[in-house]
1. Keeping the other protein chains in place, figure out the carbon and sulfur percent of the accessible area of the chain, with a 1.4 Å probe.
2. Considering only DSSP beta bridges where both residues belong to region 1-129, give the percentage that are antiparallel (nearest 5).
3. Each residue of region 11-19 in turn: what ³J(HN,Hα) in whole Hz from Karplus with 6.51, -1.76, 1.60 and θ = phi - 60°, glycine and Pro shown as x?
4. What's log10 of I(q)/I(0) for the chain at q = 0.13, 0.14, 0.17 Å⁻¹, Debye sum over Cα points only, no solvent?
5. Using helices alone, what [θ] at 222 nm do you get for the chain, with -39,500 (n - 2.57) per DSSP H run of 4 or more residues, divided over all residues and rounded to the nearest 500?
6. Applying the Karplus parametrisation 6.51 cos²θ - 1.76 cosθ + 1.60 with θ = phi - 60° to the phi angles of region 55-71, what ³J(HN,Hα) value in whole Hz is obtained for each residue in order, glycine and proline being reported as x?
7. Give me the 1.4 Å probe accessible area per residue for region 71-167, excluding ligands and nucleic acids, in Å².
8. Could you go through region 77-93 in sequence order and give the Karplus-derived ³J(HN,Hα) for each residue, using 6.51 cos²θ - 1.76 cosθ + 1.60 with θ = phi - 60°, rounded to whole Hz, and x for Gly and Pro?
Amino acid sequence: KAFLYQRVTLATQVLVWEDVLKNFNFEKLFSLITDGIEVEKKNMDSFYIKHDDAPKVIITSNYVLNGQGDSQERRRHEIQFKRFFHKNYKPIEFFGHNLFDDWDDRQWQLFDNFMVFAVHRYLRNGLQQPVNINLQYKKLLQNVPEEIYIWYKDNIKPVTIYKLSELSKELKLSFEEHSKADNRVLMTWFKHCSAFLGQELSKETRRDGVYFQVSVKMM
């Protein structure tokens, strides 16, 4: 949108993207996160908020964000939440009341106390890296079909040299749903799998086709 940030003011502290889709392009927020934000409003002059004063970005999603590398990682602080409530188990069944709407003064006091406690911990200890269980695996599965990863893990061994076209035939016979995947797609899948497993993949183009092998990364 041309005026996406027109509701942003100098007092805005947080921008929230809620329930973003699987293919959300995180790179579009790079400059906002590291440089600041240019605010354009209809029929008014634009103004710039520098990085130190710019609002922070929060993204919520049922998917992990795509993208790898230092440029991505240094702009993220990812927190994975375990699924606790669902359609058959709602907050009212756990707490005895709905969140926020059914709160009395005591509940709001407890909420305020917890928020102050969280701020105190942050100011004392700084940003802490959470333990995200299976987050990297979920990232892998956004780039590689799970059945391909399982096949790769069971069949591709370090140091052995493989011919890509032969593996392509084998995979297409084993997984009919991926019969249209070309060699470029397969190689991309294999690179993601090898990186997840802590391996290095190297390929070589010969007269009769493309060959590759993987090796364990040295620490």
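1. Details: 8570 of 16560 Å².
Taking all protein chains in place, the chain shows 52 percent carbon and sulfur surface.
2. Working: 5 of 9 bridges.
Once the DSSP bridges in region 1-129 are tallied, antiparallel ones form about 55 percent.
3. Running phi through 6.51 cos²θ - 1.76 cosθ + 1.60 with θ = phi - 60° gives 8, 5, 10, 9, 10, 10, 9, 9, 6 Hz.
4. Per q value, in the given order, log10 I(q)/I(0) is -1.01, -1.08, -1.28.
5. On the way: 8 runs with 77 residues, N = 219.
Helices in the chain give a 222 nm mean residue ellipticity of -10000 deg cm²/dmol.
6. Karplus values, whole Hz, x for Gly and Pro: x, 7, 10, 10, 10, 10, 6, 7, 10, 7, 6, 6, x, 9, x, 4, 4.
7. Details: 7570 Å² over 97 residues.
Ligands and nucleic acids excluded, the figure is 78 Å² per residue.
8. Computed from phi, the couplings for region 77-93 are 9, 8, 10, 9, 10, 6, 6, 10, 8, 8, 4, 9, 8, 9, x, 5, 6 Hz.
The values are calculated or read from the model by the stated rules, or taken from the named source; none is laboratory data. Keep in mind the model is a prediction, meaning the values are calculated, not measured. Quick note on the areas: whole protein, heavy atoms, side chains included, nothing else; ligands and nucleic acids left out. Shrake-Rupley method; radii C 1.70, N 1.55, O 1.52, S 1.80 Å.
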